[in-house]
Amino acid sequence: MISFTSTQLEAWLVAFMFPLVRILALVASSPILGNKQVPIRIKVGFSVFITLVIAPTLGDMPQVEAGSAQGLLIVIQQIIIGLAMGFTMRLIFTAVEMAGEFSGLQMGLGFASFYDPLNASFTPVIAQWMSIIASLAFLAMNGHLYMVAGLAESFHTLPIGGMISQQGYYDIVLWGSSVFAYGLQLSLPLLAALLITNLALGVLTRAAPQLNLFAVGFPITLAMGFFVLALFIPYLAPILDRLTQEGLMTMLKVAHP
């Protein structure tokens with residue numbers, strides 16, 4: 001008859017629960033996997049599956065009880081680590097959506113917005129469209145697999161019981177501050193083209209004052225915006241690849257002690 005002691009059961013529970021908490025936190029805060037459109041059952045099932053694969057490779061766990069105060073502290077640490085790593089990857093799509101908002105406002109589509117359940121706010125249609133393109137490109141370049149690989153690596157660089165260093169928090173702040181720069185860089189070609197278009201319309205209005213600027217200018221800026229977006233799409237994938245690589249590097253820096 002097979003029998004188990006309470007100590008063995010506690011050790012198995014700890015070996016499974018602590019990694020699961022970090023993985024659940026990353027899945028909940030990461031792009032694509034953490035979207036509200038993804039059912040909770042799929043998120044939990046995916047996290048449990050990844051835990052079953054990773055947990056046997058982690059070695060010895062801290063000798064603490066899961067329900068003790070120290071065990072609760074370790075759970076909180078794992079939640080913070082998982083949320084921080086997922087947040088660094090989500091900032092990539094924040095930069096893309098910011099570029100879409102800049103572009104939509106300059107094109108005159110600032111009033112055309114949809115409700116975004118992910119951010120619980122109304123987002124311009126161009127930002128939604130660029131976010132969808134970025135999501136497809138992220139999946140096509142296996143960004144989600146690299147993210148899971150970085151998560152598995154984090155258990156070796158920052159084992160269970162460790163905590164993010166002060167430098168790790170500083171890296172998150174620096175990466176978050178670069179979102180504005182990347183958002184502006186992504187939208188800069190369209191902003192420059194629309195600026196030239198508006199200058200040309202201003203000169204045309206000055207030469208022909210009887211010209212109705214609102215009747216003529218809006219279709220021209222809208223058509224020019226879509227034309228520049230069509231030209232810009234082939235160059236979006238390399239930029240997203242660079243952003244993904246930098247996001248993964250930042251995620252690994254966060255997971256260093």
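Every number in this text was worked out from the coordinates using simple rules, so none of it is lab data. Note that the structure is a prediction, hence the values are computed from the model and not measured. Glycine gets a Cβ as well: all are built from the backbone with ideal geometry, and neighbour counts include every protein chain shown.
For the range 126-241, the fraction of C-alpha pairs more than 25 angstrom apart is 49%.
Measuring spread by the Cα atoms of the range 6-254 yields a radius of gyration and Dmax of 23.1, 88 Å. Dipole magnitude for the range 6-254: computed about the Cα centre from +1 point charges on Lys and Arg Cβ and -1 point charges on Asp and Glu Cβ, it is near 460 debye. Among L243, L190, L58, which one moves the most in a GNM of the chain with springs linking Cα atoms closer than 10 Å? Looking only at L243, L190, L58, the largest GNM fluctuation is found for L58. Helix-only arithmetic for the chain: the sum of -39500 (n - 2.57) across DSSP H runs with n ≥ 4, divided by the residue total, places the mean residue ellipticity at 222 nm at -26000 deg cm²/dmol. Build a GNM of the chain with springs between Cα atoms under 10 Å: which of M85, M163, M141 gets the top mean-square fluctuation? Of the options given, M141 has the highest mean-square fluctuation.
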